[in-house]
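Scroll down for the structure; my scribbles are underneath it.
Only the coordinates and a few stated rules stand behind these numbers; no lab work does. Predicted model, so just to flag it, every value in this text is computed and none were measured. Here the Cβ positions follow ideal geometry from the backbone for every residue, glycine too, while neighbour counts run over all protein chains shown.
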Amino acid sequence: MSGCNDKKSTAADPTPTAPAAAATADMVINLPKELPPEVAGEVAVLLEKEQTWLVTPPKELTPLQLDKAFADLRWEVAQKFGMHDVEGAISYARASLKLDEAQPARWERLGDWYNLSGELTSARDAANAYDNAVFLNPKSVGARKKLAAASLMLGDAKEAVRELEFCLYQMPEAEAGEVVPLYAAACADAGEFKRGIAFCKIMGAEGGAVYGVVQAILEKAGGNREEALKLLTDVEKKEEPASLLSQYVKTLRQRYEKEKGGKP
């Protein structure tokens with residue numbers, strides 16, 4: 001994603017690109033809105049500590065160490081704001097990451113806060129944050145799932161397909177059931193029916209019944225109703241009749257059988 005390219009170019013660079021924290025007194029501070037009294041007290045202590053460091057930086061810390069200390073302190077403030085003041089959480093999270101970029105978990109959490117903010121640009125900002133989290137920790141299934149969902153919302157279904165395939169390769173079948181429907185939607189949105197079908201064949205060969213269902217949905221969406229019905233019948237025979245998947249497959253098969261002609 002283009003919004004993350006500049007960030008990516010610096011995140012893995014050990015040479016700091018941000019100025020020393022003591023020189024960042026121009027940071028915009030979002031004051032607490034309606035924090036519970038105990039949280040407000042904790043935030044006040046942290047903000048006082050921050051202001052003290054800005055005026056008189058601890059002499060025992062090098063500039064790099066001071067940047068790290070400021071980043072950690074500001075992240076702590078962001079977490080205190082949390083659900084109580086999402087704008088404050090975002091402001092301090094960004095200030096923290098400006099000083100210490102190589103924090104994949106923090107980027108992922110920032111993406112979550114963007115999603116909660118309700119701003120018009122929040123989907124793009126969230127996607128950029130998740131993109132950075134994935135760049136820093138490519139094995140993170142959680143961040144990739146969130147990036148896929150954000151990409152789908154932004155109309156980049158092809159990106160969502162790629163991210164979800166990585167996730168599904170890494171997941172046990174029990175967890176994949178929650179992600180596969182999103183994968184089917186992404187494939188349909190991207191027009192990647194052949195790719196989705198091929199992927200489901202590979203994964204289904206390893207015993208995942210849910211992939212047979214998604215393959216059937218993609219076959220139907222691609223215009224192959226007969227193959228879809230065959231796949232659903234095969235899954236229904238293998239599944240326990242009382243299982244949720246079996247009940248869903250039965251309903252889906254009956255619906256496909258009733259449809260006549262026209263587009264699938």
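Qualifying GluC sites (Glu not before Pro) in the stretch 113-188, where qualification requires a DSSP coil assignment and no more than 16 other C-beta atoms within 10 Å, comprise 119. Extension gain for residue 45 to residue 72 (0.36 nm times residue separation, less C-alpha to C-alpha distance): 8.3 nm.
Per-residue 3J(HN,Hα) values for the stretch 128-145, derived from phi via the Karplus relation 6.51 cos²θ - 1.76 cosθ + 1.60 with θ = phi - 60°, read 5, 5, 5, 4, 5, 4, 5, 4, 7, 9, x, 8, 6, 5, x, 5, 5, 4 Hz in sequence order (x marks Gly and Pro).
One chain, two ends: residue 60 and residue 233. Fully extended at 0.36 nm per residue, the span grows by 55.2 nm beyond their Cα-Cα distance.
Sorted on the mean count of surrounding Cβ atoms within 10 Å across their residues, most packed first, peptides 143-156, 56-69, 123-136, 188-201 read 123-136, 143-156, 188-201, 56-69.
For residue 93, neighbours were defined as the other residues whose beta-carbon sits under 9 Å from its Cβ, and their charges (Lys and Arg +1, Asp and Glu -1) total +4.
Under 16 Å from the Cα of residue 59, which aspartates and glutamates turn up, not counting those fewer than eight places away in the same chain? The reachable aspartates and glutamates, counting only those whose Cα sits under 16 Å from residue 59, are 50, 67.
Cross-link pairs exceeding 18 Å in C-alpha to C-alpha distance, out of 230/250; 139/201; 220/250; 98/146; 194/238; 145/194, comprise 139/201; 98/146; 194/238; 145/194. Residues whose amide H falls under 5 Å from that of residue 102, counting only those 5 or more places apart or on a different chain, are absent, with hydrogens built in the peptide plane. Each Cα pair under 8 Å and six or more residues apart adds its separation to the average, and for the stretch 155-238 the resulting relative contact order is 24 percent. Note that the stretch 161-259, at 4 °C in a medium of 1.567 mPa s, gets a Stokes-Einstein diffusion coefficient of 97 µm²/s from its Kirkwood radius over C-alpha pairs.
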